[in-house]
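See structure below.
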Amino acid sequence: MAQATILVVEDEIDILEVVDFNLQQAGFKVLKATDGGEGHALARREHPDLVVLDLMLPGMDGKEVCRRLKQGEDTRHIPVLMLTALSSETDRIIGFEIGADDYLTKPFSPRELVLRVQAILRRFQEQEDAAAPLKLDDLVIDPERHSVKAGGRDLDLTATEFKLLYHLASRAGRVQTRQMLLERVWGYAYEGYARTVDTHVRRLRKKLGDLSDRIETVRGMGYRFRDES
Ligand code: CA
């Protein structure tokens, strides 16, 4: 992958410098803006691969910048990672409603920010790669339409269940550890959240009905989609 460009919009110079330094160390090209208007203009002009956007900014705030980016024909595809000092559930929901792709609450470690940026870029890359429908006997998974048919029956899956199924099925016959699934399906590793995977697999199996045994538990390792072909 070519060197990705990250635009960081942050008015606190100390944070801006630390983020800039760490992203550059990780191999990214960094563009910087210290207010919302400038950030928005820079995003439109430079088309960065991702925007790290502070919520509280002088002038146009982060919410408005995000809204405009997600409404703009030429900028809506750019993923946005919001930085915020607010951590309540409501603020998170507001962030996602205006289209932010992920969230990081201050104070955060620069390392966590870099990992998060890498995870989002990977996720977006995979979505772009994953256009063709996947057919495995009775199961048809269509990433573009976000639909799953099992034996002709439409399955009603949540976004995460869909990603989990797609990830397993597209790697049929290969064991996926819980850690791998957390990183690739959830986007980054929540430490100690391996049970999240188990819970989702359980729900997914229930919805798969007759095809539930296609997802095998590999003791002590993780899960594998059974390859019948
Ligand atoms: Ca700020």
I need a count of the residues in region 44-54 that are open to solvent by less than 20 Å² (accessible area, probe 1.4 Å) and either out of contact with any strand residue (DSSP E or B) (no Cβ under 6 Å at 6 or more places or on another chain) or modelled with pLDDT under 90 (or both). 0
Scan Ala150, Ala194 and give me the residue that is surrounded by fewer than 19 Cβ atoms within 10 Å (Cβ to Cβ) and among the aliphatic types (A, V, I, L, M). Ala194
Region 36-59, residues that are at positive phi and within 16 Å of the ligand (Cβ to nearest atom): Gly59
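I'm checking my understanding of the structure. Among residues of region 1-43 that are polar (S, T, N, Q) and in contact with a helix residue (DSSP H, G or I) (Cβ under 9 Å, 6 or more places away or on another chain), which one is surrounded by the fewest Cβ atoms within 10 Å (Cβ to Cβ)? Spell out how you get there, then give the answer.
From region 1-43, those polar (S, T, N, Q) are 3, 5, 22, 24-25, 34; that's our starting set.
After this cut, where a residue has to be in contact with a helix residue (DSSP H, G or I) (Cβ under 9 Å, 6 or more places away or on another chain) as well, the list is 5, 22, 25, 34.
On the way: Thr5: 15, Asn22: 18, Gln25: 10, Thr34: 17.
Only one residue tops the list, namely Gln25.
Among the residues of region 69-78, count how many are surrounded by fewer than 17 Cβ atoms within 10 Å (Cβ to Cβ) and not small (Gly, Ala, Ser).
Narrowing region 69-78 to residues surrounded by fewer than 17 Cβ atoms within 10 Å (Cβ to Cβ): 70-74, 76-77.
After this cut, where a residue has to be not small (Gly, Ala, Ser) as well, the list is 70-71, 73-74, 76-77.
Total satisfying the criteria: 6.
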Which count do you get for residues in region 21-70 that are of a type in the set (Val, Ile, Thr) and in a strand (DSSP E or B)? 3
Conditions first: (1) of a type in the set (Gly, Ala, Ser); (2) in contact with a helix residue (DSSP H, G or I) (Cβ under 8 Å, 6 or more places away or on another chain); (3) in contact (Cβ under 8 Å) with a residue 40 or more places away in the chain. Ala194 passes all but one, so which condition is the exception? (3)
Exclusive hit being closer than 15 Å to Leu83 by Cβ and assigned by TED's automatic domain parsing to the domain that holds Leu121, set Glu46, Glu12: Glu12
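The values are calculated or read from the model by the stated rules, or taken from the named source; none is laboratory data. If you're wondering where the values come from, they're calculated on a predicted model, not measured in any experiment. All Cβ positions, glycine included, derive from the backbone under ideal geometry; neighbour counts span all protein chains shown. Protein only, heavy atoms only, side chains kept; ligands, DNA and RNA dropped before computing areas. Shrake-Rupley method; radii C 1.70, N 1.55, O 1.52, S 1.80 Å.
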